[in-house]
Structures are given as C-alpha cells and as structure tokens.
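Structure first, commentary second.
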Amino acid sequence: LDVMFHRGRPLPEADDEDLEFTAQAAPPLVWLRTTGELSGHIAEPLTDDGSGRDCKLRVCGESTSRCVRRAKLRPVRPTLEPNEVVMTSGCSSEVILTRLLEALEWGDAAQALQPEIVSHILSFLAVRRVDHEDVKAVCASSLDVGPLCSLPFALEQTCSNWWISGEGSMPRGVGAEWIAFALSADGQPRRVERIDMRIPPLPSGPLSVRNFHLETAAAADGPWTRASREYATLNVGEVQSWAVSPPIESGFVRVMCLRNAARAKSDLGESRARFLPISTSVGFFHVRFR
C-alpha cells in the first residue's frame, strides 16, 4: 500500500491548480487562476494558437470578450454525468489503483487479493458527483418576507423568484449571510467542481451578492469550514460560473455572502455611488452545483 499512499495521504493526481494551459488547441472551457473580480471565473476561449502571451476569451455571463494572460488560465475538466462515481480528490485513478491492488500478494502462498476485496477497498476511496436534482436548500441565516422569496427558490433555475436575506441583515451592505444546501438525499458526500449563479445586475439588483465563498460541513448544523477562494459576481444578468478547485467533497455546502452589489459600487469611490442608498440585504436568483 506504500505505492498508493504517501505519509498517510493518497498520492496526488494532477490537480487543476497545477495544470498549465499549454494545449495548442484551446480546450472548450478554462477558468481564471487569478485574484480580484475574475478569480475562479469560467470562460470560453475564442482565439488562441498557443503562440501568444494572451488569450482572447469570453467569461461566462458576459457578452463581450477579454484578453487574459495565458499563464493565468487553467483547463476545466470535462463534465461528468451526475451521480457518476469517481475517485476522491487527490487520489489516483480507479484503473491505476485496481492494478496496484491486484499486484499485491499476501500470506505464505503469495496469494493475490480477490476481486471482491479489491472492489471493497476501492469503495472507500470513491465519491459520487453531485446531481442538482438531489440538492435541497435546508436552512439560512435569515430570510426576507414575501411570496417570491423562499429557501427552495434558491435552486429553481428561473428569474421569477429568489433567495434574499432578512431586511437589516447586511448593515451598510456587508456581513456574513448564508444559505445552506444538502448535496445528497442520504447525507453522503458528493463532489462539487463548479458553481453557477444568476443575479439581477445593477441598477435593478442593489442587493445582489457581489462577494462570496463556499463552506462545507458533514451536517446541516455544522461545524462549518471554509472550502473555496473568494468569488466575485460580475454586473451581468446571465448565468455566471466558477471553478471549485480543489473540488468540494461534502454532504453539505453553504454560500457565504460577504458584500452586496450596492456596497461594492460605493466602495469603488464613484462620486454618484457614495450618495446612493445601500441595501441592507443580500441575495441572488438561483445557484446550481455541478
């Protein structure tokens, strides 16, 4: 087993954080390993022959293109089917692990492990990929009143309802308001590699979340641990997407909202924004975990 584990940890597989964007032909999607408002955003390369320093791309949700340093791009792994079983993050592939286990011998007769034992061992290193149909909103730090705002609405892929925190929950537009989700019906961990979100842009959405991160827990009542970089929404009305790298593997995840769009605009120091009223709530239309 020393070949499978190193100092008690699974041997690492190539992680998105370490993969460089080096292919001659641009992959279908990339994510931006950078800081600031584009951190973690997923984008579609438009032109890249592998020879230039920059790559022209369109960030998911935007209609215009940007030029970004190729060195800041990482390929998005191919999308897997919901509920597909994969090896836990940081672990070698199932094929490699199977070969390693089948090569082990034990006992005086140097017997190989039976296939049933190999499968049983691998079951402890496997995790299912999240299925949106199984995800449920279970609780939130607060909730606004009104028929168009509720926990389940946070997962409905529509712009006719939403989740919004309670009035006054984000004084001056900053705070720590959250909504938590169960990623599976049985409470077992699921892998999340991507999050999609849609917000109403300014000026229609002053309380739209601008900055947030993800936290995970084994149970709905915690304890909770931060599990992602800080993400920032762009002021667009289409679905935006971010890479979760390294992937989350947990039974529960919550979106921790830190600042709303009105406060973010005010913080930019624009003269007109300083005198605009800042919403004391935060929210979004809907999210989707993949």
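The table that follows gives values for the structure above.
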quantity	calculated
Pairs with Cβ under 7 Å, 6+ apart, first in the stretch 256-285 and modelled with pLDDT of 90 or more, second surrounded by fewer than 22 Cβ atoms within 10 Å (Cβ to Cβ) and aromatic (Phe, Trp, Tyr)	256/178; 257/178
Evaluation of residue 126 against (1) over 15 Å from residue 289 (Cβ atoms); (2) modelled with pLDDT of 95 or more; (3) of a type outside the set (Asp, Glu) (one fails), failing number	(2)
Selection count where residues are modelled with pLDDT of 80 or more and either open to solvent by less than 30 Å² (accessible area, probe 1.4 Å) or over 13 Å from residue 69 (Cα atoms) (or both), scope the stretch 39-54	8
Filter result (over 26 Å from residue 91 (Cβ atoms), in contact with a helix residue (DSSP H, G or I) (Cβ under 8 Å, 6 or more places away or on another chain) and not in a strand (DSSP E or B)) within the stretch 171-200	172, 173, 199
Inter-residue pairs, beta-carbon under 6 Å, first surrounded by fewer than 20 Cβ atoms within 10 Å (Cβ to Cβ) and in a strand (DSSP E or B) and in the stretch 208-234, second aliphatic (A, V, I, L, M) and at pLDDT 95 or above, 6+ apart	211/232; 211/258; 213/256
Hey, residue 183 hydrophobic (A, V, I, L, M, F, W, C) and surrounded by 23 or more Cβ atoms within 10 Å (Cβ to Cβ) or not	yes
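The values are calculated or read from the model by the stated rules, or taken from the named source; none is laboratory data. Owing to the predicted nature of the structure, the values given are computational and were not obtained by experimental measurement. Positions of Cβ are backbone-derived with ideal geometry, glycine not excepted, and every protein chain shown enters the neighbour counts. Side chains included, ligands, DNA and RNA excluded: accessible areas come from the protein's heavy atoms. Shrake-Rupley method; radii C 1.70, N 1.55, O 1.52, S 1.80 Å.
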